[in-house]
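The values are calculated or read from the model by the stated rules, or taken from the named source; none is laboratory data. Source: prediction; values computed, not measured. Here the Cβ is made from the backbone with ideal geometry for all residues, glycine too, and neighbour counts use every protein chain on show.
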Amino acid sequence: MPRLPRSEWYDLTRDMNWDLSYITEDEAFPPQLSNSFGVPAHDWWAWDEPYKITYSEYVHNQAGKDAGVYSVNNVLNRSDIWDNLEPGWRAAVIAHYGAIAVAEYQAGIGEARMARFGRAAAWRNMATFGTLDETRHGQLQTYIPYQALAKEPKFDWAHKAYHTNEWGVIAARHLFDDMFLANDAVSMAIQLTFTFETGFTNLQFLGMAADAMKAGDFDFGALISSIQTDEARHAQQGEPTIKVLTKAGKADVAQDLLDRMFWRAWKLFALLTGFSMDYYTPLENRTHSFKEFMDEFINKQFIDQFRDFGLEKPWYWDQLLNEMNWTHHAYHLGVYFWRPTVWWNPVAGVGPAEREWLEEKYPGWNASFGKYWDTMGQNVRDGHPELTLPETFPVVCNSCQLPVCTPAGYAAGYLESPLPYVVEYNGRKYTFCSEPCKWVFEMQPETFAGHLSIIDRLLSGWIQPPDIPGALAYMGLSPEECGVDGTDYDWAGPVPPATKSA
Amino acid sequence: MAPFPVQGITEGDFVVVLALVDSEQPMSEVAQAIAYHGVGKRVAAQDRPLRVRYQGDLLPDDATIETAGIAPMDVLEAVYA
């Protein structure tokens, strides 16, 4: 039986657009769920995805991908590969699952919103595949750690994390709710698929898969590679959305959506990917520093894409380049010092060889960040590891929800003041870690003003008793789940036997 | 006398911390209460007195939270003077 080439029937079967007559446009596409930004309905019908796929092709491809990942997992889960991985890599993987697995399900909800409220049939078709993609990613990244629970109890946090008020999870939820879970379809196409997936995670997943293979974690490498191929496809929903907005004279809308989310994504990226690349990945497996990765892949590609669409660099670009020198070093230091408050076992990653590498990649690191580790290392060697543990809390930013590390930027010579940005809004005081974080808040105060940071909750009496044990319980961390030094203080040199845990 | 939360920065430290001080404590003690969370832990101790800087000005050692007009969660710096 003769078959038509796909190109001869694809657009016809895909483009189920029609004029509404029984209900209004706003009833079918409520602005809260699908903000058109004033672009007429018919203009949206020009939306055309660059990568086309039919449902039967999709199912065939995905079945093959799933078969690959699950069979690799089935074999490797019976091996002792996990036990023999470096502690830093294990920490990175455990942190990844907790931060990402359930967020993938949430991204599926976002994609489903675009599958219903996207402004063109072609877009809704693409987003349907995106919904299935993200559901698959959520399933994979909960199934694989679940299968390995007997080897690694901390994998419980792949599912548990987003059901707690752990501080890093509060930060991730705050970002992802804004980006997709509580976002309208048009904004989401630009903020989730273009800014976050095209801008950050697509390339990050490529690098992470390669790093996993180098570190000997073939299970994780196969998983991340499989996910990345889906991301590369559904991330392309952003490009045609920007084109429609730009053609309608709404480039400023696209620019604003992009600027706000690029900064927000940067902050969480600096936390999770920053410590993973520069401190947790074993030295012999590193191919580049976090700053080099940002420079060569994220920033360069992003600028190229901005230019392709006639958009400009965000106004805070110089501040972004500035933060790339110091922010993630400060976050890593904070995560290590407040390690009982995270679900993985942070490694310091500052042994002599690592410090030499850090100094090479970040000239001046020893004089700026190394001095903190000098003091902490001396305390450990003196038999006082308790001095490397917290008795209070870091103040967190009311925008990114991450510790306010302006003093680190100042001490390292990158900021003119150690002071945070403090703003009064409707009689309440808000603290921000940077000018762009303050700007993100001030662009949408009605969206963010009601949120309480972990510190606001402490001061509001939500956390009882209002001390470290009370906060750990509030964050869902039992004593057995609290993070400890991932290498048992090996980084500090000769340590009194009593300091070691075993 | 009441516990009073401030945002504390110890000179040379990397992070802003939540510090609980007392509303009637003199600034010499407030400086110590802030620095307690940084000095000797991440920042090497110095053999110099610590003072409190607020909105760019060094406060007298005998000033208190109340007399200096400091509000909850204002930012105070513990600096070596």
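Quick one: which helices (runs of 4 or more DSSP H) sit completely within region A:360-432 and have at least 1 residues that are β-branched (Val, Ile, Thr) and farther than 19 Å from B:Val6 by Cβ?
Answer list for region A:360-432: A:370-381.
Among the residues of region B:18-60, which ones are assigned to a loop (DSSP other than H, G, I, E, B), basic (Lys, Arg) and more than 10 Å from chain A (Cβ to nearest Cβ)?
B:Arg48
Looking at this structure, is A:Val380 touching a residue at least 12 places away in the same chain (Cβ under 8 Å) and either among the small types (Gly, Ala, Ser) or farther than 20 Å from A:Gly351 by Cβ (or both)?
Spelling it out, it is not the case that A:Val380 is touching a residue at least 12 places away in the same chain (Cβ under 8 Å) and either among the small types (Gly, Ala, Ser) or farther than 20 Å from A:Gly351 by Cβ (or both).
Under 11 Å from the mean Cα position of the chain (by Cα), within 17 Å of A:Pro394 (Cα to Cα) and more than 9 Å from every other protein chain (Cβ to nearest Cβ) - does that describe any residue in region B:61-70?
No, every residue in region B:61-70 fails to be under 11 Å from the mean Cα position of the chain (by Cα), within 17 Å of A:Pro394 (Cα to Cα) and more than 9 Å from every other protein chain (Cβ to nearest Cβ).
Against the definition (closer than 26 Å to A:Lys214 by Cα, surrounded by fewer than 22 Cβ atoms within 10 Å (Cβ to Cβ), in contact (Cβ under 8 Å) with a residue 60 or more places away in the chain and aromatic (Phe, Trp, Tyr)), how does A:Phe297 come out, yes or no?
Working: closer than 26 Å to A:Lys214 by Cα: yes; surrounded by fewer than 22 Cβ atoms within 10 Å (Cβ to Cβ): yes; in contact (Cβ under 8 Å) with a residue 60 or more places away in the chain: yes; aromatic (Phe, Trp, Tyr): yes.
So A:Phe297 passes the test.
Could you please let me know if A:Gly249 is of a type outside the set (Ser, Thr, Tyr), more than 26 Å from A:Asp83 (Cα to Cα) and without any contact (Cβ under 8 Å) to a residue 12 or more places away in the chain?
Spelling it out, A:Gly249 is indeed of a type outside the set (Ser, Thr, Tyr), more than 26 Å from A:Asp83 (Cα to Cα) and without any contact (Cβ under 8 Å) to a residue 12 or more places away in the chain.
Since A:Pro494 meets every condition but one in (1) touching a residue at least 12 places away in the same chain (Cβ under 8 Å); (2) within 27 Å of the chain's Cα centre (by Cα), which condition does it not meet?
All conditions are met except number (2).
Evaluate the following for A:Phe393: is it under 30 Å from A:Pro363 (Cβ atoms) and surrounded by 21 or more Cβ atoms within 10 Å (Cβ to Cβ)?
No: the conditions fail for A:Phe393.
Out of (1) more than 30 Å from A:Met16 (Cβ to Cβ); (2) out of contact with any helix residue (DSSP H, G or I) (no Cβ under 7 Å at 6 or more places or on another chain); (3) not charged (D, E, K, R), what's the single condition that is false for A:Ala182?
For A:Ala182, the exception is condition (1).
Answer yes or no: is there a residue in region A:474-497 that is touching a helix residue (DSSP H, G or I) at 6+ places or on another chain (Cβ under 6 Å), at pLDDT 95 or above and surrounded by fewer than 14 Cβ atoms within 10 Å (Cβ to Cβ).
No, region A:474-497 contains no residue that is touching a helix residue (DSSP H, G or I) at 6+ places or on another chain (Cβ under 6 Å), at pLDDT 95 or above and surrounded by fewer than 14 Cβ atoms within 10 Å (Cβ to Cβ).
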